[in-house]
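Peer 1: Structure below; questions to follow.
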Amino acid sequence: MQLWHLSLAACALFGSARAASTLVVPNKIAVGPSIAQFVSGSSALDGPKLTNEVNATSFDWWYFDAVSSDSEAAVVIVFYLSTSLGFPFVPSGSVLSVDIFATFPNGTLIFDPLADPLIGGSATITTNGDGASGTWGGTGFSFEGAPDLSSYTVTVDNPVLGIKGTLQLNSVAPAHYPCSPKVAGANLEVSPHIGWANAMPDANAIADFTILGEKLQFNGVGYHDKNWGDEGFTTTVASWYWGHGRLGPYSIVWFDVLGNDGIEYVSAYVALNGAIIKTSCSGIKVRPTGRNSQYPPLSTSGAPEGYQMTIDLGGDYGTLVVNITTTTTLAPATIYQRWAGDMTGGVTGGPTYTGPALYEQFAFNS
Ligand SMILES: *[C@@H]1O[C@H](CO)[C@@H](O)[C@H](O)[C@H]1NC(C)=O
Ligand SMILES: *[C@@H]1O[C@H](CO)[C@@H](O)[C@H](O)[C@H]1NC(C)=O
Ligand SMILES: *[C@@H]1O[C@H](CO)[C@@H](O)[C@H](O)[C@H]1NC(C)=O
């Protein structure tokens, strides 16, 4: 008891970064400005990033995924604070929503969005150290993160949807921000008015779900990040390519965004055997390949066969060139598409590696 009092006093005295804080967000559109945080603090990488969560045109979400080692099965689970004006893919009329995309090895896709009135109540997000944990009303969807970002567990238990299970992620590559490692005072905007914090660029994933009586179980490569913004997503973004994957000893995350201002914004992250060798907002180019490979992509473009990505690793590391070939469609829409696929490539002149990737494309212009 004595010690417990002492440690609380120490926390208060030194303003310990590890003290947990909890935010409760009602299922109600906030009135007035929602100010976005675009410069990092010394902790709370995965914490909420808006004051006054959330007004009609802002958004703040937590994203989790995993793809099987053979690129055939996948699961994507997203926890949203956003109206459909903030982000057009959430159900309209609700501030709180969650969705799950589950892809079986034979390609069968189960997609379930949950919003008002099924959500009920409020979302609760607790930030502890750099990690966050969240519960979205009565949905049975929650996530729990370690303060040091080493592990996350996403839990789904929803009898109405017939989905029960967990996605476990154990990090194998350090967290980062769009243009830097995880440091205080870093820029958090990956493109204008869009924040990005990548808690888990690469993770060993164990997916263990029962969906409508069928098992979806696999080991593979996982990922977790969050995005937020203080303007509607489609107001600032014309198109974007994002994805992540594991290529032999390399953990790779890419962003190549075309803003509505006509400017291309990029971010490249590469870790080699679990140590960051690149985290920067330059030195990467991602372009579609094969059929439907026009750039910039339009809502009418159709799915490309894959992508080619070139990353200048700088210094002695050389240039990483990766071909990505789509094997499985995980979300088929025209303005939004998500896939799993195989990566092949390596540093020019070095060995060729292969590995799984999960990636997406937005294209809003027609
Ligand atoms: C939401 O907040 C932002 C300020 O961060 C403001 O620019 C925007 O106009 C607000 N939206 C609404 C609908 O009030
Ligand atoms: C694909 O797999 C799912 C889950 O095991 C099963 O329910 C479905 O019937 C299968 N579809 C086909 C076309 O085999
Ligand atoms: C990547 O694709 C290009 C163009 O099709 C091809 O020339 C190159 O050999 C491929 N590289 C690898 C490593 O597969």
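The values are calculated or read from the model by the stated rules, or taken from the named source; none is laboratory data. Values in this document were obtained by computation on a predicted structure and should not be read as measured data. As a convention, Cβ positions derive from the backbone with ideal geometry for all residues, glycine included, and neighbour counts pool all protein chains shown. Side chains are part of the model used for accessible areas, which takes the heavy atoms of the whole protein and leaves out ligands, DNA and RNA. Shrake-Rupley method; radii C 1.70, N 1.55, O 1.52, S 1.80 Å.
Peer 1: Can you go through Ala340, Ala268 and tell me which one is within 16 Å of ligand 2 (Cβ to nearest atom), among the aliphatic types (A, V, I, L, M) and not in a loop (DSSP other than H, G, I, E, B)?
Peer 2: So the residue among Ala340, Ala268 that is within 16 Å of ligand 2 (Cβ to nearest atom), among the aliphatic types (A, V, I, L, M) and not in a loop (DSSP other than H, G, I, E, B) is Ala340.
Peer 1: Take the residues of segment 291-304 that are farther than 13 Å from Phe364 by Cα and within 23 Å of the chain's Cα centre (by Cα): which is surrounded by the fewest Cβ atoms within 10 Å (Cβ to Cβ)?
Peer 2: Here the answer is Ala303.
Peer 1: I would also like to ask the following. More than 16 Å from ligand 1 (Cβ to nearest atom), hydrophobic (A, V, I, L, M, F, W, C) and open to solvent by 30 Å² or more (accessible area, probe 1.4 Å): does that describe Ala275?
Peer 2: So Ala275 fits the description; yes.
Peer 1: Just one of the numbered conditions (1) touching a Lys or Arg at 6+ places or on another chain (Cβ under 7 Å); (2) over 18 Å from Val98 (Cβ atoms) is not true of Trp61; which one?
Peer 2: With respect to (1) touching a Lys or Arg at 6+ places or on another chain (Cβ under 7 Å); (2) over 18 Å from Val98 (Cβ atoms), Trp61 is out only on (2).
Peer 1: Might you let me know whether segment 58-68 holds any residue that is away from ligand 2 (no atom under 16 Å from the Cβ), open to solvent by 20 Å² or more (accessible area, probe 1.4 Å), of a type outside the set (Val, Ile, Thr) and assigned to a loop (DSSP other than H, G, I, E, B)?
Peer 2: no
Peer 1: Now for a separate question. What's the total number of residues in segment 314-331 that are in contact (Cβ under 8 Å) with a residue 24 or more places away in the chain and either within 18 Å of Ser69 (Cβ to Cβ) or away from ligand 3 (no atom under 16 Å from the Cβ) (or both)?
Peer 2: 9
Peer 1: Follow-up. Yes or no: Asp225 out of contact with any Ser or Thr (no Cβ under 6 Å at 6 or more places or on another chain), buried (at least 16 other Cβ atoms within 10 Å of the Cβ) and of a type in the set (D, E, K, R)?
Peer 2: It is true that Asp225 is out of contact with any Ser or Thr (no Cβ under 6 Å at 6 or more places or on another chain), buried (at least 16 other Cβ atoms within 10 Å of the Cβ) and of a type in the set (D, E, K, R).
Peer 1: Another question about this same structure. Would you call Ala199 crowded, with 19+ Cβ neighbours inside 10 Å, more than 24 Å from Asp256 (Cβ to Cβ) and touching a Phe, Trp or Tyr at 6+ places or on another chain (Cβ under 8 Å)?
Peer 2: No, not satisfied.
Peer 1: Give the number of residues within segment 336-354 that are surrounded by fewer than 21 Cβ atoms within 10 Å (Cβ to Cβ), under 22 Å from the mean Cα position of the chain (by Cα) and of a type in the set (Gly, Ala, Ser).
Peer 2: 0
Peer 1: Conditions first: (1) in a loop (DSSP other than H, G, I, E, B); (2) under 20 Å from the mean Cα position of the chain (by Cα). Phe255 passes all but one, so which condition is the exception?
Peer 2: It fails just one condition, (1).
Peer 1: Return yes or no: is Pro356 closer than 29 Å to Ile100 by Cβ and either part of a strand (DSSP E or B) or charged (D, E, K, R) (or both)?
Peer 2: In short, yes.
Peer 1: Then there is this: From the list Val39, Val90, Val54, Val76, exactly one residue is within 14 Å of the chain's Cα centre (by Cα), in contact (Cβ under 8 Å) with a residue 24 or more places away in the chain and either over 19 Å from Pro332 (Cβ atoms) or more than 16 Å from ligand 3 (Cβ to nearest atom) (or both). Which is it?
Peer 2: Going through Val39, Val90, Val54, Val76 in turn, the sole match is Val76.
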